[in-house]
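J.: The following block contains the structure, expressed as C-alpha cells.
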Amino acid sequence: MKKYKILIVEDESIVALDIKNILEKLEYTICGITYTGEDAINETNKHRPDLVLMDIGLKGNIDGVAAAEKIFEEFQTPIIFLTGFTDDKTIQKAYKSHPFGYIIKPIAEETLTTAIEKTLEKTPNKL
C-alpha cells in the first residue's frame with residue numbers, strides 16, 4: 001500500500017501539530033509543515049506531495065487561495081482548504097480555485113479523514 005505524502009500549510013502552529021498527529025496516526029507521511037503561501041509553493045515543488053492541506057488565511061504576500069491556485073496550476077496537486085472563515089466572500093473566493101475540499105475549523109478528525117480519503121480516491125493520477 002502506498003504511503004501518501006501530505007503537506008500541511010497552516011500558520012497556527014498548534015493547529016498544524018494537531019493535524020500532523022492525526023495524519024501520522026492514520027499512517028500518512030507528512031512531507032512538511034509550512035506557514036506561508038510562498039513556502040507552500042516551494043515545498044510542493046521540492047516534495048511533490050499527493051495532497052496539500054491549505055489554510056486560507058495565511059500571513060505574508062500570498063494567501064492560501066493564491067498559493068493553492070499556483071500549486072494546482074503548476075503541479076496538479078489537489079488542495080483541501082482549512083479555514084475559520086465562513087463568510088460568503090471567503091467561500092466564493094476559495095471555490096473559484098477549485099479545491100477538492102473545504103473544512104471549517106475547528107477540524108474534526110472524522111471530517112479531515114473523510115475529506116482526505118475522498119480526495120485521494122478522485123486523483124488517481126497522483127497515486
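J.: Taking all pairs of distinct Cα atoms, average 1/r, flip it, and tell me the Kirkwood hydrodynamic radius of segment 64-127 in Å to one decimal place. Can you show the working numbers first?
T.: Numbers: mean 1/r = 0.0811 Å⁻¹.
By the Kirkwood definition, the hydrodynamic radius is 12.3 Å.
J.: Another one. Given a Förster distance of 22 angstrom, what is the FRET efficiency for ASP88 paired with GLU110, based on the Cβ-Cβ distance and rounded to 0.05? List each step's numbers first, then the result.
T.: Numbers: r = 26 Å, r/R0 = 1.18.
Efficiency at R0 = 22 Å is approximately 0.25.
J.: Which entries of LYS46/LYS105; LYS3/LYS89; LYS2/LYS89 have Cα-Cα distances beyond 31 Å here? Please report the intermediate quantities before stating the final value.
T.: Working: LYS46/LYS105 28 Å; LYS3/LYS89 36 Å; LYS2/LYS89 38 Å.
As for pairs spanning more than 31 Å Cα to Cα, those are LYS3/LYS89; LYS2/LYS89.
J.: Gaussian network model of the chain, Cα springs within a sub-10 Å range: biggest mean-square fluctuation belongs to which of ILE107, ILE80, ILE14?
T.: ILE14
J.: Could you tell me how many cubic angstrom of Cα convex hull volume segment 8-82 has per residue? Don't skip to the answer; put the middle values down first.
T.: Working: hull volume 5.3 nm³, N = 75.
Looking at segment 8-82, the number lands at 70 Å³ per residue.
J.: Roughly what percent of Cα-Cα pairs across the chain reach past 27 Å? Kindly include the intermediate steps, with their values, before the conclusion.
T.: Working: 576 of 8001 pairs.
Across the chain, Cα pairs with separations above 27 Å total 7 percent.
J.: Also, I was wondering about something else. What full-extension length gain, to one decimal in nm, is calculated for GLU73 and LYS2 as 0.36 nm per residue of separation minus the Cα-Cα distance? Could you put the intermediate results ahead of the total?
T.: Working: separation 71, 0.36 × 71 = 25.56 nm, distance 2.45 nm.
Stretched fully, the GLU73-LYS2 segment lengthens by 23.1 nm.
J.: Students often check this: by mean Cβ neighbours within 10 Å, which of 24-37, 59-72 ranks highest, and how do the rest follow?
T.: 59-72, 24-37
J.: Pairs of Cα atoms under 8 Å, at least six residues apart: use those to get the relative contact order of the chain, whole percent. The partial results should precede the final answer.
T.: On the way: 206 pairs, mean separation 27.6, N = 127.
Contact order relative to length: 22 percent.
Coordinate-derived values only; no laboratory data. Just so we're clear, the structure is a prediction, and the values are computed from it rather than from any experiment. Here the Cβ is made from the backbone with ideal geometry for all residues, glycine too, and neighbour counts use every protein chain on show.
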